[in-house]
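In what follows, a single structure is set out as structure tokens and then discussed.
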Amino acid sequence: RALICAIATFLSCSNVSSLHIQATTHRITRRAFLTAPVAIAGASAVLGPSPAEAIVYYDPMLYGDAELKVAVINRVRQKVRDAITKDPALGVELFSLGIADSLKYNAKTQEGGGDGSVTKLVDSAASKFAVKLSKDLQKSTQITLADVVALASAEAYETFGGLRVRVQIGRVGGDKAATAQNVQAVLSPSWDASVTQTFEGAGLGKRDVAALDAVRGGMAEVVKNMQMAKEDEAYVNEMGETDFIPKTSFGGASQIFGASLTPFDDKYLKAAVKGKKGVFADDNVRAAGEKMSIKSGKDG
């Protein structure tokens, strides 16, 4: 159960030094967070992560005791889940926002990283939502924009049927827009070859591109199918059918913050690989995609 959304945890060392908290922070490598990232999509275990040693600094005492930390996480997850169930397309954007934030890191210069400042680089519904949620929560509790971006990305993944992602919070930085890479392509509705270059610039490999695009594309497929079903339902209602089936709030542990959406599957992945579309036009990315599979439900 790899932490695919924990890719959004990387902070630049320059931000940390300006806050003078190295002595009290913990050091976490990107590799530790990305142990077999494809596993979160039910992919083959042989597709491990590419070596990358971005460093994450966080303040473990930022939220006080464990009880306060859990309360903050739960509040963010609840707000995000509510927003996504009302607007599923927002979930895909939030997932991509977290990925883009981390991909601001440049492996050669060791600058940039996941500090939440991606919200200052793009004017999107997801960016506006993350900033507003952060400001609203800051009225009554301690929270950083970097943590909101990472938690929202993780919750978006889970809302679409993914496994629970345990995100380490307490990230610092993000006060200024800082990036060592162009991440605009990562935030676009479809990924192309430039996204692969961004991944490689961050020290990741083409297998990582395949895994993350399989998840992102699968989530987008769910949204498209929901929109089509909604249109069909509207047509049926126009024909005079008025049957009403009330929704239920009961569910398992994965629905503690609200009902989940239809789990994503590998239809997008298979179609993209077969059609050599987007990032899968690259032979190596496509080869990695051919070895992947996505299971829905409790095994997914």
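The values are calculated or read from the model by the stated rules, or taken from the named source; none is laboratory data. The structure presented is a predicted model; accordingly, all values stated were derived computationally and were not measured. Positions of Cβ are generated from backbone atoms using ideal geometry, with glycine treated the same way; all protein chains shown enter the neighbour counts. The area values use the complete protein model at the heavy-atom level, side chains included, leaving out ligands, DNA and RNA. Shrake-Rupley method; radii C 1.70, N 1.55, O 1.52, S 1.80 Å.
Hey, any hits in segment 290-299 for a residue that's at pLDDT 60 or above and surrounded by 19 or more Cβ atoms within 10 Å (Cβ to Cβ)?
yes
Could you please give the count of residues in segment 140-180 that are modelled with pLDDT of 80 or more and either assigned to a helix (DSSP H, G or I) or within 14 Å of residue 100 (Cα to Cα) (or both)? Full working, then the answer.
Quick first cut of segment 140-180, residues modelled with pLDDT of 80 or more only: 140-171.
If we keep only those that are either assigned to a helix (DSSP H, G or I) or within 14 Å of residue 100 (Cα to Cα) (or both) as well, we get 145-159.
Residues meeting the conditions: 15.
What residue, among those in segment 263-279 that are more than 13 Å from residue 215 (Cα to Cα) and over 20 Å from the mean Cα position of the chain (by Cα), is surrounded by the most Cβ atoms within 10 Å (Cβ to Cβ)?
273
Do we find a residue being assigned to a helix (DSSP H, G or I) and surrounded by fewer than 22 Cβ atoms within 10 Å (Cβ to Cβ) anywhere in segment 107-121? Explain how you work it out, then say what you get.
Of all residues in segment 107-121, those assigned to a helix (DSSP H, G or I) come to 117-120.
Now narrow it down to the ones that are surrounded by fewer than 22 Cβ atoms within 10 Å (Cβ to Cβ): 120.
Checked segment 107-121: at least one residue is assigned to a helix (DSSP H, G or I) and surrounded by fewer than 22 Cβ atoms within 10 Å (Cβ to Cβ).
Just give me the residues in segment 126-176 being among the small types (Gly, Ala, Ser), open to solvent by 10 Å² or more (accessible area, probe 1.4 Å) and touching a helix residue (DSSP H, G or I) at 6+ places or on another chain (Cβ under 6 Å), in sequence order.
Listed by number, the list holds a single entry, 173.
Does segment 100-157 hold any residues that are among the β-branched types (Val, Ile, Thr) and either within 26 Å of residue 261 (Cα to Cα) or within 15 Å of the chain's Cα centre (by Cα) (or both), and which are they? Outline the logic, then answer.
We begin by selecting, within segment 100-157, every residue among the β-branched types (Val, Ile, Thr); these are 109, 118-119, 122, 131, 141, 143-144, 148-149.
118, 119, 131, 148, 149, listed by residue number.
Restricting attention to segment 129-139, which residues are in a helix (DSSP H, G or I) and either over 14 Å from residue 82 (Cβ atoms) or hydrophobic (A, V, I, L, M, F, W, C) (or both)? Can you show your working first?
First pass over segment 129-139, keeping only residues in a helix (DSSP H, G or I): 129-138.
Answer for segment 129-139, where residues must be in a helix (DSSP H, G or I) and either over 14 Å from residue 82 (Cβ atoms) or hydrophobic (A, V, I, L, M, F, W, C) (or both): 129, 130, 131, 133, 134, 135, 137, 138.
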